[in-house]
Amino acid sequence: MSDFGISKTGILQAYTGSGGAVVIPEGVTRIGVDAFCGCHALIIHTPAGSNAGQYARDHGIPVENI
């Protein structure tokens, strides 16, 4: 959880981890536009139909449903 900057309203504002397979934490309601800025080799793992999955598709990030 320490790799994520999440606001009190559930917006994932920043990811500071090394990339790779990233599981979006429960309670995230939205992902900020630059949350994954500078991340390479990133794959977002998220439940099917989630906002995180849509964010990934919109930004050309591979997504896998869990």
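Read the figures in this text as sums done on the coordinates, not as results from a lab. Nothing here was measured: the structure is a model prediction, and the numbers come from that model. Glycine gets a Cβ as well: all are built from the backbone with ideal geometry, and neighbour counts include every protein chain shown.
Within the set (1) 0.90; (2) 1.14; (3) 0.98, the number that Rg/Rh (Cα atoms, Kirkwood Rh) takes when calculated for this structure is listed as (1).
Summing Cβ point charges (Lys, Arg +1; Asp, Glu -1) relative to the Cα centre of the chain gives a dipole of roughly 120 debye.
When the trypsin sites (Lys or Arg not before Pro) in segment 1-62 are filtered for DSSP coil states and for at most 16 other beta-carbon atoms within 10 Å of their beta-carbon, the remaining sites are LYS8.
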